[in-house]
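FYI, it's all coordinate maths here, none of it is from the lab. The structure presented is a predicted model; accordingly, all values stated were derived computationally and were not measured. All Cβ positions, glycine included, derive from the backbone under ideal geometry; neighbour counts span all protein chains shown.
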Amino acid sequence: MIDPPEGRRRVLVLRALGLGDLLAGVPALRGIRRAFAQEHVVLALPPALAEAASATGAVDSVLPAEAPGRGVPSLGHWTGPPPDIAIDLHGNGPESRDALAALHPRRLLAHAAEPADDPVRPPVWRPDEHERERWCRFLGAYGIAADPDDVRLPPPATPSPAPGAVVVHPGAESAARRWPAERYAVVVRRLRALGRRVVLTGGPAEDALVLDVAARAGLPAPDLLRGGLPFGELSALVAHAALVVSGDTGLAHLAVAHGAPSVTLFGPVSPRLWGPPRAERHLALWKPGPPGDPHGDVPDPLLLRIGTDEVVTAALSLLRPVPTTA
């Protein structure tokens, strides 16, 4: 963590989750940035997301904070005096509040705030509220204005490793949100048959999945972007993609952040809670039904009700015609 210049107060924000969570929190982070324009804003999150956090333009420095799964991490890397203001964007329970309270901030803003924490009472937590709107409404209770549609990231300076390609990302943090590999392969084959270049991406632990889809689809090795691209390359890939096809995961949020056309497959969680803004370039496919466990270890039944024909049709509706040569 970088110490602020002398005289600047420190504002510590906790949102130590994944890439999709970070990007869904950008509107709230920018609201905080504007409200505390003269202060040093520190974001506590996993070290692997430091570059993505910097790209938002909303934070001055990051505090390494990571925990197994989606638990609350230790904030033991904090140094120096207590934060002047601590803001809990991590969750609505006492665990994240207590992690910040242990640093003895002068002011603590949290959904689970105790009466002694702050004279302002946070709004009631709504389980049916969209993630972007939830945190903007939370900040609004404290007089901090934030726009839930303020999601865009600036174009990355890094060149794309596959400009103009269709990006297919079959992975997701949990099996509940992973559409079957054989279905992704069908989509890849059909798009390639129509003259589209398709590239596969995967996180650091998803090489086997990427290779499985590629083998089924007959995709050549140069079109496999395995091992987890550095954020700059991944951001450029998405920003310059003809289309992004994925499940409900971080890459879908990155497509929204760059305005890249996207088809996102939802299962256990409705797009009404985590989906893209209403826009012609973003299509969220979902079959209504009882919500499932987004962290489950088998594909969600609602996700499995989405067929390959539906995904291909959605993709073609967003793709521009392939240029023809004279």
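Add -39500 (n - 2.57) for each DSSP H run of 4 or more in the chain, then divide by its residues: what number comes out at 222 nm, to the nearest 500 deg cm²/dmol?
Numbers: 12 runs with 101 residues, N = 326.
The helix-only estimate for the chain comes to -8500 deg cm²/dmol at 222 nm.
What net charge is computed for the residues neighbouring Asp223, neighbours being all others with C-beta under 10 Å from the C-beta of Asp223, Lys and Arg scored +1, Asp and Glu -1? Working shown, then result.
On the way: positive: Arg192, Arg197; negative: none.
Around Asp223, the charge tally is +2.
With Cα extents along the principal axes in Å defined as stated, name the option among [x] 66, 42, 33; [y] 72, 42, 35; [z] 58, 51, 46 computed from the structure displayed.
Derived directly from the coordinates: [x].
Restricting the count to DSSP beta bridges whose residues both fall in the stretch 166-318, what percent are antiparallel, rounded to a multiple of 5?
Numbers: 1 of 18 bridges.
Here the antiparallel bridges make up roughly 5 percent for the stretch 166-318.
Across 5 Å bins from the origin, how do the percents of Cα pairs in the stretch 166-318 run, short distances first?
Cα pair-distance distribution for the stretch 166-318, in percent: 2, 10, 21, 25, 23, 15, 5, 1, 0.
Pick from Gly195, Gly228, Gly25 the residue whose mean-square fluctuation is largest in a GNM of the chain, springs joining Cα atoms under 10 Å.
Largest GNM mean-square fluctuation: Gly195.
In what sequence do Leu211, Leu43, Leu194 fall when counting other Cβ within 10 Å, fewest first? Intermediate results must be reported in sequence, preceding the final value.
Values: Leu211 17, Leu43 29, Leu194 13.
Ranking Leu211, Leu43, Leu194 by Cβ neighbours within 10 Å, fewest first, gives Leu194, Leu211, Leu43.
Please figure out what share of the DSSP beta bridges in the chain is antiparallel and state it in percent, rounded to the nearest 5.
5
Quick one: compute the contact order of the stretch 166-318, relative version, from alpha carbon pairs under 8 angstrom and 6+ residues apart, as a percent. Could you put the intermediate results ahead of the total?
Details: 299 pairs, mean separation 43.3, N = 153.
Relative contact order here is 28 percent.
Suppose each label sits 7 Å from its Cα in the direction of the beta carbon; what would the His77-Ala157 distance come out to in nanometres?
Result for the modelled spin labels: 2.3 nm.
If exposed GluC sites (Glu not before Pro) are those in a DSSP loop with at most 11 other Cβ within 10 Å, what is the longest stretch of the chain that has none? List each step's numbers first, then the result.
Values: sites that count: Glu6, Glu280.
Of all site-free stretches, the longest is 7-279.
Would you list Ile85, Ile32 from fewest to most Cβ contacts within 10 Å? Provide the component values of the computation, followed by the final result.
On the way: Ile85 20, Ile32 27.
By the 10 Å Cβ count, ascending: Ile85, Ile32.
I need two numbers for the stretch 226-283: Rg to one decimal and Dmax as a whole number, Cα atoms only, in Å.
11.2, 32
Which trypsin sites (Lys or Arg not before Pro) in the stretch 276-326 pass both tests, a DSSP loop state and at most 12 other beta-carbon atoms within 10 Å? Write out the running numbers ahead of the final one.
Values: sites: Arg278, Arg281, Arg305; in loops: Arg278, Arg281, Arg305.
Here the sparse-neighbourhood loop sites are Arg278.
Sequence gap at least 6, Cα distance under 8 Å: using those rules, report the relative contact order of the stretch 10-140 to the nearest whole percent. The partial results should precede the final answer.
Details: 226 pairs, mean separation 32.8, N = 131.
Taking the mean separation of contacting Cα pairs over the length of the stretch 10-140, I get 25 percent.
Positive end of the charge dipole of the chain (Lys, Arg +1 and Asp, Glu -1 on Cβ, about the Cα centre): tell me which of Asn92, His258, Ala28 has its Cα farthest that way.
His258
So what is the relative contact order of the chain, in percent, for Cα pairs below 8 Å that sit 6 or more residues apart?
Result for the chain is 16 percent.
Running a GNM on the chain with Cα contacts under 10 Å, which residue among Arg190, Arg97, Arg126 ends up with the highest mean-square fluctuation?
Arg126
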